[in-house]
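Below you'll find the structure, written out as structure tokens, and then a few comments.
The values are calculated or read from the model by the stated rules, or taken from the named source; none is laboratory data. No experiment lies behind these values; they were computed from the predicted model shown. Please note: Cβ atoms are built from the backbone with ideal geometry, for glycine as well, and neighbour counts cover all protein chains shown.
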Amino acid sequence: MTLKERLEKLLKWAGVGEENRTLWLQRIDALPFDRAETFIYILEKFGKEDIQFLAKNLNDKIEFARTNDRALFQRALREEAVFLLQK
Amino acid sequence: MERLHSEQSEEIKNEILDMRPEAKALRAIEEESAELEALTEKKPAPEGKEAHEWQRNRKWKKAALHALTFMAFSGVGIETRAQNQILPQKDGTALIETTGENDPKKVEANGKKAEKLRLLIEDKKFKERVARLIGTYGETINFLRVEIVENEWDLEELKTATGNRRNYLLTKLAGSYDYYWNKKEIVKHAEKFTEMPGVSGFELAGHSNQKVEAILKEYPADLLTNIDEVRYVDAVENAVAPPAPESGEKKESVVYGVAGRAYNVGIQSVLWHGRGYEHSNVLTIYKASGEKPHTESQLRDLLAHEILHYYDWETSPRLTTGERFEMLDEQTEYLDNPKRRKSHYTDELVPEEYKKNHWDEKAMRLRQAKELWAEEFEDFSGGFTTARYETMKRNIMNGKLEDFSGVKFSDKWLNNMQIGDYVKATNLVRDNQSGRPSMHGVRR
């Protein structure tokens, strides 16, 4: 199974929608392969809720990159803090 | 993200151009993330058995968040470098206004660089090489190609572009040329980073941090500037595979104990050419999986191996894009050579890990190529001490190293990376074959 196939399977399993999945499959190319490989290895250890959170987090960050909306960014950071504190 | 206007000072523009494109935006993110970090530190970590799992889980979560940040900002930064304004629209889309360089002299200079870039990426040999490597490694080398694909789009558009849009494209392409193809600029940038890596934790391994620092000082300084920290972790780390579905087992099976990792805590380090940023490239040595701790000799081997992982075709901050593909191409040829030396790790353990995990064979090949590169250096140049030099000399003299292609390969590519004062491995071979004494083992 290729890296992208693994990623797509994982995202489908977690219930991430098609549009978001496409975004992940495009953007994953921005990572050097061994980092992407490690990243997907980590994702495979996470639960569905974690992956759903990360999908939202990616969307938020892209939105911030496009709009420079500081309020959006602050909200995303607060959510990251909660995510990190959860077991 | 920065919004740049043409009237902004030259200094600010240069600062942006000087860094990797996404760097500015990410620096802001990281500053705010430090506050977030402080917030999460307030919660006490669990103790006992749960502690390791908790720490690992947090480390993974942080790494995942870093990866997403990088993914989110890829592409945007390229626009930033070309001095754009990104204007949010009411319908949620973004309008990109471009303001390329309009000074006629600079436009002309950018045009020359864009033309050089075009010739390089349209070079027949280069294209054949890229196609060959895609055939071998598939999507696993996409990262090396991302910028080229973007350049190809821009060059295509440049054929018909006029006015401000043309100037913008030229600015962007000239930036790409300097960043990815201009050897002089690339090395100049890499040489800005001169700090030695920090060292921590080795007292737990029965060694001292001072001893490890002394070992590192035996290396050419240029070979360490892509590493932020060398850290010992007093825990056994294993490469694992899930149980086979039909086996009914619950536990994951250990494929092998991981002795060290060229670990990248923050994936953002690729934005920074590795250095200049806290905790980006962390070379980690793990507790030995057997009963005894690492001996000094094992430690030296591990360090040599892991250090070279920061200097391959993907990670080295000192190579042009053309050189990255060339190096991988040559390493692939060596990997496929039936006469090359075999290694238990590269040729047995790595394939076992990929097979058990049902991972992609092309990814496995890339991993093997990378491990082989680190092993070539570990075995042939093996650290930079006189003792290792003597070992290598003995191995050459008694015929243990019949295959010198790995030596020559290490030599050529360390030279191409302009790593100063390294062991000239080919000289070493030549000297020993002629029986003449050599002083190449002396380090600074």
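Just a few scattered comments:
- The set of residues in segment B:112-133 being surrounded by fewer than 17 Cβ atoms within 10 Å (Cβ to Cβ) and among the small types (Gly, Ala, Ser) consists of B:Ala131 alone.
- Scanning segment A:31-39 for residues that are farther than 30 Å from B:Tyr137 by Cβ, out of contact with any strand residue (DSSP E or B) (no Cβ under 8 Å at 6 or more places or on another chain), more than 7 Å from chain B (Cβ to nearest Cβ) and assigned to a helix (DSSP H, G or I) turns up nothing.
- Which listed residue, of B:Leu169, B:Leu119, is farther than 20 Å from A:Pro32 by Cβ, in contact (Cβ under 8 Å) with a residue 60 or more places away in the chain and not charged (D, E, K, R): B:Leu169
- No other residue among A:Leu10, A:Leu72, A:Leu58 is facing chain B (nearest Cβ under 10 Å) and either in a helix (DSSP H, G or I) or surrounded by 19 or more Cβ atoms within 10 Å (Cβ to Cβ) (or both) apart from A:Leu58.
- Scope segment B:297-353; condition touching a Lys or Arg at 6+ places or on another chain (Cβ under 9 Å), in a loop (DSSP other than H, G, I, E, B) and of a type in the set (Gly, Ala, Ser); matching residues: B:Ser316
- Unique match (being farther than 18 Å from B:Ala259 by Cα and free of Cβ contacts under 8 Å to residues at least 40 places away in the same chain) among B:Pro197, B:Pro243: B:Pro243
- Among (1) modelled with pLDDT of 65 or more; (2) assigned to a helix (DSSP H, G or I); (3) not β-branched (Val, Ile, Thr), the one test that B:Asp379 misses: (1)
- Qualifying positions in segment B:167-195 - surrounded by 20 or more Cβ atoms within 10 Å (Cβ to Cβ) and aliphatic (A, V, I, L, M): B:Leu169, B:Leu170, B:Leu173, B:Ala174, B:Ile186, B:Ala190
- Every test in (1) modelled with pLDDT of 90 or more; (2) within 12 Å of chain B (Cβ to nearest Cβ) is passed by A:Gln26 save one, and that test is (1).
- When A:Phe46 is tested against (1) aromatic (Phe, Trp, Tyr); (2) within 9 Å of chain B (Cβ to nearest Cβ); (3) assigned to a helix (DSSP H, G or I), exactly one condition is not met: (3).
- Of all residues in segment B:227-245, those satisfying the criterion of being at pLDDT 80 or above, under 22 Å from the mean Cα position of the chain (by Cα) and under 26 Å from B:Leu349 (Cβ atoms) are B:Ile227, B:Val230, B:Arg231, B:Tyr232, B:Val233.
- Which numbered condition A:Gly15 misses (of (1) on the phi < 0 side of the Ramachandran plot; (2) in contact (Cβ under 8 Å) with a residue 24 or more places away in the chain; (3) small (Gly, Ala, Ser)): (1)
- Residue tally, condition closer than 22 Å to B:His358 by Cα and in a loop (DSSP other than H, G, I, E, B), over segment A:13-30: 1
- Verdict on B:Ile96 being within 14 Å of chain A (Cβ to nearest Cβ) and either modelled with pLDDT of 90 or more or over 29 Å from A:Arg27 (Cβ atoms) (or both): no
- Among the residues of segment B:111-160, those that are over 24 Å from A:Lys4 (Cα atoms) and either within 12 Å of another protein chain (Cβ to nearest Cβ) or at pLDDT below 90 (or both) comprise B:Asp154, B:Glu157.
- Given (1) more than 8 Å from every other protein chain (Cβ to nearest Cβ); (2) within 30 Å of B:Tyr310 (Cα to Cα), number of the condition A:Phe53 does not satisfy: (2)
- The residue that is nearest to B:Trp313 (Cα to Cα), counting only those in segment B:148-165 that are surrounded by fewer than 17 Cβ atoms within 10 Å (Cβ to Cβ) and touching a residue at least 12 places away in the same chain (Cβ under 8 Å), is B:Glu150.
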